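Heads up, the thing below is written out as structure tokens.
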Amino acid sequence: MPEDYYEILGVPRNATQEEIKRAFRRLAKQYHPDVYKGDKKEAERKFRKIAEAYEVLSDPVKRAQYDRFGHVGPEQSVDFGPEGFRRAREAFEEFFGPSAFDEIFNLFFGEGRRTRTLTRARRGEDLEYRVRITLEDAAFGTTLRATIPRYEPCRHCGGSGLTPGTGLRTCPTCRGTGRIEYRQFSMFGTFVNVRTCPECEGVGEIPEAPCAACRGTGRVRERSEITLEIPAGVEDGARLILRGQGNAGIAGGPAGDLHVTVEIQPHPLFVRQGQDLWVEVPVHYGTLVLGG
């Protein structure tokens, strides 16, 4: 049995248009993806029902049909056409501001009209490294040299990812827009759904000739020697962050960070507890009683 539209919006059957509009705005806000804590599909289902109920009850003719027959026509279906979509948009944006309805609709049903500005450059990944030191090194500090595998900027292209002497050209797939449009059909009507171009990843440009040495990424895998400064008094399990010492970025992007975890080796005599050193010394019973 179809759900009652008045119950969906939580309003009485004699509710005014203003009360119906307020109920729709309240429920639309409740099931906004930034607020709703449940499953996205559940939020989508509820939002569709709310929009469908509002489309009928906000239209005097359809509401009269619904009040009389329990549905809006012989087929008992709702045509959420341009007029109904417009009313839902106006009710939502009257309270939440311009473009708010587009944002929630796009978050539920696709990227929609959202666009973003991208560049080929990408930040490099952070790296993890573990180092073992002695208790003496932990107490007084030390400087270590280590060799780690990581991505370094390509020397052949200078990190650009382009063959020297070449540049970028307009992406033929999206014609430089960075987006590809698809037509999407739903109960709301027909919409243009905009997706990020997979060829250029939204940039709108691709290399004329990618660097052969790095395959257009602007970085190559190498073994790099680094210097680690271990401060005095470092704790076991401490994490040191070396900014910019992670993987090189893609196509000239900034490098990631290197996260170093310090492990202190067990000492044969001393045990560290916080900033204190403990030691167990065997003592003869007579010495324990008489001293010495």
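The values are calculated or read from the model by the stated rules, or taken from the named source; none is laboratory data. These figures come from a predicted structure and were not determined experimentally. We place every Cβ from the backbone using ideal geometry, glycine too, and count neighbours over all the protein chains shown.
Cβ-Cβ distance below 8 Å, separation of 6 or more or different chains: which pairs start in region 49-64 with a residue that is under 17 Å from Arg22 (Cβ atoms) and end on one that is among the polar types (S, T, N, Q)?
As it stands, the answer is Ser58/Gln17, since those pairs meet every condition given.
Tell me, please, whether a residue that is surrounded by 11 or more Cβ atoms within 10 Å (Cβ to Cβ), assigned by TED's automatic domain parsing to the domain that holds Ala146, of a type in the set (A, V, I, L, M) and in a loop (DSSP other than H, G, I, E, B) can be found in region 249-268.
Within region 249-268, one or more residues are surrounded by 11 or more Cβ atoms within 10 Å (Cβ to Cβ), assigned by TED's automatic domain parsing to the domain that holds Ala146, of a type in the set (A, V, I, L, M) and in a loop (DSSP other than H, G, I, E, B).
Might you let me know whether region 272-286 holds any residue that is farther than 20 Å from Cys157 by Cα, of a type outside the set (A, V, I, L, M, F, W, C) and surrounded by 12 or more Cβ atoms within 10 Å (Cβ to Cβ)?
Yes; the residues of region 272-286 include at least one that is farther than 20 Å from Cys157 by Cα, of a type outside the set (A, V, I, L, M, F, W, C) and surrounded by 12 or more Cβ atoms within 10 Å (Cβ to Cβ).
Which members of region 120-150 meet the condition of being touching a Phe, Trp or Tyr at 6+ places or on another chain (Cβ under 8 Å) and either within 26 Å of Gly274 (Cβ to Cβ) or in a helix (DSSP H, G or I) (or both)?
Listed by number, the list holds a single entry, Leu135.
With (1) out of contact with any His (no Cβ under 8 Å at 6 or more places or on another chain); (2) surrounded by 14 or more Cβ atoms within 10 Å (Cβ to Cβ); (3) in a loop (DSSP other than H, G, I, E, B) as the list, and Gly237 as the residue in question, which single condition is left unmet?
Answer for Gly237: the failing condition is (2).
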